[in-house]
Amino acid sequence: MSASLNWEKKESVLYFQGTLDRETLLPVWQQRKALLADINIIDISALEHIDSTGLALFVHLKAEMEEQNRQFIIQGVSERFQTLITLYDLDEIMNIA
């Protein structure tokens, strides 16, 4: 069974569910501009797995948002993902709630 990634926008929150890795990233990457429109919060609490590719996506999204003078917060960060953020020394730049 292959991994899948789903997302849903509700008001100013973008919810991810499933697996965010190099296998599932492409559709999100291709739709990132539309997905980020009117978004202030990205909720990843329903992600079962996220790897360094997912982390790279969030770093890139943060940079894109800052170019537009916008900020977003990532909420629902798991202990494993927080460890990945720390290992890459990104604690200072990631907006984690």
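The values are calculated or read from the model by the stated rules, or taken from the named source; none is laboratory data. Remember, it's a predicted structure, so these values are computed and weren't measured experimentally. Cβ placement follows ideal geometry from the backbone for every residue including glycine, while neighbour counts extend to all protein chains displayed. Remember, those area values only see protein heavy atoms, side chains included, never the ligands or the DNA or RNA. Shrake-Rupley method; radii C 1.70, N 1.55, O 1.52, S 1.80 Å.
At 7 Å along Cα-to-Cβ for each site, give me the label-to-label distance between V13 and L87 in nm.
2.9
Could you report the chain's accessible area per residue, 1.4 Å probe, as an integer in Å²?
Heavy-atom SASA per residue in the chain reads 63 Å².
Each residue of the range 37-42 in order: what ³J(HN,Hα) in whole Hz does its phi give by Karplus 6.51 cos²θ - 1.76 cosθ + 1.60, θ = phi - 60°, with x for Gly and Pro?
Whole-Hz 3J(HN,Hα) from phi for the range 37-42: 4, 6, 9, 10, 10, 10.
State the three equivalent ellipsoid semi-axes of the range 40-97, derived from the C-alpha gyration tensor as the square roots of 5 times its eigenvalues, in descending order and whole Å.
They are 18, 13, 10 Å, listed largest first.
Between A37 and Q68, what is the label-to-label distance in nm when each label sits 7 Å out along the Cα-to-Cβ direction?
Placing both labels 7 Å beyond Cα along the Cβ direction yields 0.9 nm.
For q = 0.15, 0.17, 0.21 Å⁻¹, what log10 I(q)/I(0) does the chain give under the Debye formula with an equal point scatterer on each alpha carbon and no solvent?
-0.53, -0.70, -1.12
Please report the carbon-and-sulfur percent of the accessible area for the chain; probe 1.4 Å, protein heavy atoms only, DNA, RNA and ligands left out.
47
Evaluate the distance, in nm, between pseudo-label points positioned 7 Å from the Cα of Q75 and of S45 along their respective Cα→Cβ axes.
0.7
For I50, what residues show an amide H to amide H distance below 5 Å, using hydrogens built from the backbone and excluding near sequence neighbours?
L20
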